[in-house]
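Everything on this sheet refers to the single structure shown next.
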Amino acid sequence: MNEIVTVNNVTKSFQHKKAVDDVSFSISKGEVVAILGPNGAGKTTTISMILGLLKPTSGEVRLFNLLPHEKQVREKIGTMLQEVSVMQGLKVNEILELIRSYYPQPLSIQELIALTGLTPQDLKTRAEKLSGGQKRRLSFALALAGNPELIIFDEPTVGMDITSRKRFWQTVRTLADQGKTIIFSTHYLQEADDAADRILLFKDGAIAADGTPAQIKASITKQSVSFVVDPEKSLEKLYQHSEITDIFRKNNRVYIHTDNTDRILELLFQERIGARDIQIERGKLEEAFEQLTGESKEAI
Amino acid sequence: MKTFQIQCKVEIIRILRNRYFVFWSLVMPIIFYYVFTNLVNSNIPNKSEWQAHYLMSMTVFSVMGSSMMTLGIRLVQERSQGWSTFLRTTPLSNTVYFAAQMVGQSVIHVFSIVIIFIAGALINDVSLTVLEWIMSGLWILLGSLPFLALGTLIGLMKKVETAAGVSNVLYMVLAVSGGLWMPLEVMPKMMQAIAKWLPSYNFGSGAWEIVRGGLPDWKNMMLLIAYLVLFMLLSNYIRRKQEVV
């Protein structure tokens with residue numbers, strides 16, 4: 001059993017509105033999975049159910065083949081929630097010591113510092129006096145405090161500057177290399193593409209696509225081959241091939257939409273169409289993503 | 001068990017670092033005590049009895065305040081800022097968390113009681129028998145339970161501002177009408193009749209009886225227990241209603 005997370009036909013309704021609608025997926029050990037989608041797609045609701053903070057209206061979530069709220073599960077997970085919160089009245093090192101004491105095999109303070117970039121100055125600061133960036137580092141450290149096997153981040157990079165973001169993803173890579181399973185949500189396609197091995201694309205509470213970043217990109221971008229050809233020449237032969245999703249003429253050029261541009265090139269030469277000035281175009285990824293998820297502003 | 005100890009220790013540290021606690025529960029009662037036993041009411045017939053009586057009033061006032069306000073507001077803060085949500089994802093059990101809050105708060109109460117008693121002994125040479133000191137201290141410690149329950153009830157509010165406002169008003173009204181600031185005898189008959197049923201009066205009354213050489217009335221105890229049960233049932237009921245998501 002390598003499955004760390006299994007989500008089976010999970011639905012979550014809030015007052016007749018379905019936030020998550022019959023979603024199923026499973027995540028194996030060592031995977032780095034991005035839950036990608038625009039706001040309101042059901043990402044946070046799904047993550048809350050995985051964490052056992054919300055109960056599914058129907059269906060079942062299992063972590064390590066146990067229910068999410070069980071103690072054995074809690075000891076193996078670490079999480080950073082969207083809302084960064086800290087315990088008032090304590091210094092950073094006191095909070096870290098406290099949270100470490102909850103777990104059977106916590107990471108040492110030194111290890112946590114090395115992973116999260118907390119400074120000695122941060123450690124001595126009272127929680128209520130931390131800046132936004134320091135709070136983020138602290139909550140990252142809290143997520144890792146118990147040396148978790150499964151780490152879940154809900155929109156981890158919101159509010160981080162570019163340097164912290166870069167550092168954060170480097171650390172995530174390090175953790176993934178140690179064999180940790182990582183789930184994070186984001187509405188940045190670029191981030192999911194850079195950091196994840198697998199993307200679960202959410203739209204309107206359901207999974208619109210599930211695959212590697214390359215597969216997701218291929219499925220959401222329209223690739224096309226265009227060329228100039230003698231107008232007299234019949235393109236009949238090309239029509240028979242299933243790789244072609246669409247073919248049309250525009251401004252003296254022939255455009256072929258396809259998922260497999262290599263195969264189209266092969267065909268052009270095989271069928272001796274006499275195509276000249278061949279161009280391969282990839283539709284703009286971000287545009288396609290925006291179209292697919294129906295949101296324009298937040299997908300960068 | 002180790003987790004429980006660390007959790008208690010942390011709660012205690014947090015309370016001691018809280019400026020509102022230090023001001024409202026330690027500094028204010030001691031200043032009040034000094035003012036009302038030395039600067040005003042100086043021509044009271046039985047001076048030493050009044051000094052012991054008022055020392056109890058102020059200790060009760062202090063402990064009542066930290067039960068309701070320090071605890072209540074902290075609970076709201078932790079929930080509204082998402083800290084409670086984070087804790088729910090950790091292995092810390094709810095029971096340990098809750099128990100540590102209560103134990104931590106009670107240790108703080110012992111601390112406040114000792115400090116204010118010492119202040120009384122130093123300021124006015126209040127002298128009670130060892131048994132009276134211990135008995136009145138214990139009464140105040142145990143009598144704080146209904147107020148801790150009231151604190152958890154306040155802790156269920158959604159906003160820190162509401163919780164702070166409501167608990168402040170409730171605290172003052174209970175303190176004044178319960179005869180903690182001035183003896184009940186100086187109030188109108190009507191007020192006196194109402195006060196006899198308030199938790200604050202019954203809390204104070206037990207301690208006043210002890211320093212007068214008597215014992216708390218059974219009615220004091222029964223009423224405090226009744227309030228404890230009432231507040232606990234209420235807060236359980238509301239919590240359950242809130243949790244249905």
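The values are calculated or read from the model by the stated rules, or taken from the named source; none is laboratory data. No experiment lies behind these values; they were computed from the predicted model shown. Here the Cβ positions follow ideal geometry from the backbone for every residue, glycine too, while neighbour counts run over all protein chains shown. Accessible surface areas use protein heavy atoms only, side chains included; no ligands, DNA or RNA. Shrake-Rupley method; radii C 1.70, N 1.55, O 1.52, S 1.80 Å.
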* How high is the relative contact order of chain A, in percent, counting Cα pairs under 8 Å that sit 6 or more residues apart? -> 20
* Asked: Across the range A:8-115, how many lysine pairs, 8 or more apart or on two chains, come within less than 23 Å at their alpha-carbon atoms?
  -> 13
* Structure fact -> Rounded to a whole %, the carbon-and-sulfur portion of the accessible area of chain B at a 1.4 Å probe is 71
* Structure fact -> In the neighbourhood of B:Leu26 defined by beta carbon distances under 15 Å, the net charge of the other residues (Lys, Arg +1; Asp, Glu -1) is +2
* Hey, which lysines would be in cross-link range of A:Lys250, C-alpha to C-alpha under 24 Å, not counting anything within fewer than 8 residues on its own chain? -> A:Lys222, A:Lys233, A:Lys237, A:Lys284
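Per residue of A:200-207, count partner chain C-beta atoms within 10 Å of its C-beta, then hand back the mean as an integer. Could you put the intermediate results ahead of the total?
Working: counts 0, 0, 0, 0, 0, 0, 0, 0.
Partner-chain Cβ atoms within 10 Å, mean over residues of A:200-207: 0.
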* Asked: Which of the residues in the range A:117-134 lose at least 30 Å² of accessible area when you go from the chain alone to all protein chains together (probe 1.4 Å)?
  -> A:Arg126
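Using a 10 Å cut-off on Cβ to Cβ distances, tally the other chain neighbours for every residue of A:67-80 and report the average as a whole number. Display every interim value, and only then the final one.
Values: counts 0, 1, 2, 1, 4, 1, 2, 6, 2, 1, 3, 2, 5, 2.
Taking all residues of A:67-80 together, the mean is 2.
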* Normalized C-alpha radius of gyration of the protein assembly as shown, against 2.2 N^0.38 Å? -> 1.36
* Asked: How are the C-alpha pair distances of the range B:56-122 spread across 10 Å bins, as whole percents from the shortest bin up?
  -> 19, 41, 24, 13, 3
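On a 1.4 Å probe surface of the protein chains, which of B:Met69, B:Met64 comes out largest in accessible area, and what is the full order? Walk me through the intermediate numbers first.
On the way: B:Met69 25, B:Met64 0 Å².
Sorted by accessible area, descending: B:Met69, B:Met64.
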* How big is the accessible area of A:Lys124 in square angstrom, nearest 10, if you roll a 1.4 angstrom probe over the protein chains? -> 140
* Structure fact -> Once the dipole of the range A:3-218 is set up from charges on Cβ (+1 Lys and Arg, -1 Asp and Glu), the residue from the list A:Gln121, A:Met49, A:Ala218 lying farthest towards its positive end is A:Gln121
* To do: With the full set of protein chains in place, find how many percent of the accessible area of the range A:222-282 is carbon and sulfur; take the probe as 1.4 Å.
  => 43
* Structure fact -> Those helices of chain B passing the 24 Å axial Cα length cut-off and the mean Kyte-Doolittle cut-off of 1.0 (DSSP H runs only) are B:94-124, B:160-177
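Please report the buried accessible area for the interface of B with A, total over both chains, probe 1.4 Å, in Å² to the nearest 100. Walk me through the intermediate numbers first.
Values: alone 12970 and 15610 Å², together 26140 Å².
The summed interface area works out to 2400 Å².
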* Those residues of the range A:37-63 for which accessible area with every protein chain present is at least 30 Å² below the isolated value (1.4 Å probe) -> A:Leu53
* Asked: Cβ under 13 Å from B:Lys219's Cβ, B:Lys219 left aside: what net charge do those residues give with Lys, Arg +1 and Asp, Glu -1?
  -> -1
* Structure fact -> Rounded to two decimals, the Debye log10 I(q)/I(0) of chain B (Cα scatterers, no solvent) at q = 0.12, 0.14 Å⁻¹ is -0.68, -0.92
* Structure fact -> Cross-link reach from A:Lys217 to aspartates and glutamates, straight Cα distance under 16 Å and at least 8 residues apart if same chain, gives A:Glu191, A:Asp193, A:Asp194, A:Asp197, A:Asp259, A:Glu281, A:Glu286, A:Glu287, A:Glu290
* Which whole number in µm²/s is D for the range A:3-218 by Stokes-Einstein, with the Kirkwood Rh taken over Cα pairs at 25 °C and 0.890 mPa s? -> 139
* Ordering B:Trp197, B:Trp83 from largest to smallest accessible area (1.4 angstrom probe), what's the sequence? -> B:Trp197, B:Trp83
* Asked: With the other protein chains left in place, how much accessible area per residue, in square angstrom, belongs to the protein assembly as shown at a 1.4 angstrom probe?
  -> 48
* Asked: In whole Å, how far is the Cα centre of the range A:1-60 from that of the range A:177-207?
  -> 13
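Can you tell me what share of the DSSP beta bridges in the range A:3-218 is antiparallel? A percent to the nearest 5 is fine. Before the final figure, lay out each step's value.
Details: 20 of 38 bridges.
Looking only at bridges with both residues in the range A:3-218, the antiparallel portion is about 55 percent.
At 1.4 Å probe size, put A:Phe64, B:Phe21 in order of accessible surface, largest to smallest. Walk me through the intermediate numbers first.
Numbers: A:Phe64 35, B:Phe21 5 Å².
My answer, sorted largest first, is A:Phe64, B:Phe21.
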* Using the Cβ atoms and a cut-off under 11 Å, what net charge is assigned to the surroundings of A:Ala209, where Lys and Arg are +1 and Asp and Glu are -1? -> +2
* **the range B:101-151: mean projected area of Cα convex hull, nm²** => 3.7
* Could you work out how far the C-alpha centroid of the range B:174-245 sits from that of the range A:70-125, in angstrom? => 41
* Asked: Taking amide hydrogens as modeled 1.01 Å from N in the peptide plane, which residues meet the under 5 Å criterion relative to A:Ile35, leaving out close sequence neighbours?
  -> A:Phe184, A:Ser185, A:Thr186, A:Leu200
* Asked: Hey, if you drop one equal point scatterer on each alpha-carbon of the range A:222-282 and run the Debye formula without solvent, what base-10 log of I(q)/I(0) do you get at q = 0.12, 0.13, 0.20, 0.27 Å⁻¹?
  -> -0.23, -0.27, -0.67, -1.35
* Structure fact -> So the number of lysine pairs in chain B with alpha-carbon atoms under 27 angstrom apart, 8 or more residues apart or on different chains, is 8
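Accessible area of the range A:3-218 with a 1.4 Å probe: how many percent of it is carbon plus sulfur?
Carbon and sulfur: 47 percent of the exposed surface of the range A:3-218.
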* Structure fact -> For the protein assembly as shown, percent of DSSP beta bridges that are antiparallel (nearest 5) comes out at 65
* Structure fact -> Rounded to the nearest 10, the angle in degrees between the Cα long axis of helix A:132-144 and the longest principal axis of the Cα atoms of chain A comes to 80
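Give the average, rounded to an integer, of partner chain Cβ atoms located within 10 angstrom of each Cβ in B:72-85.
Values: counts 0, 0, 3, 0, 0, 5, 3, 1, 2, 6, 7, 8, 1, 7.
Mean shielding count: 3.
Output needed for the range A:5-47: three equivalent-ellipsoid semi-axes, defined as square roots of 5 times the C-alpha gyration tensor eigenvalues, in descending order, whole Å. Each step should come with its number before you reach the end.
Numbers: eigenvalues 87, 34, 8 Å².
The answer is 21, 13, 6 Å, longest axis first.
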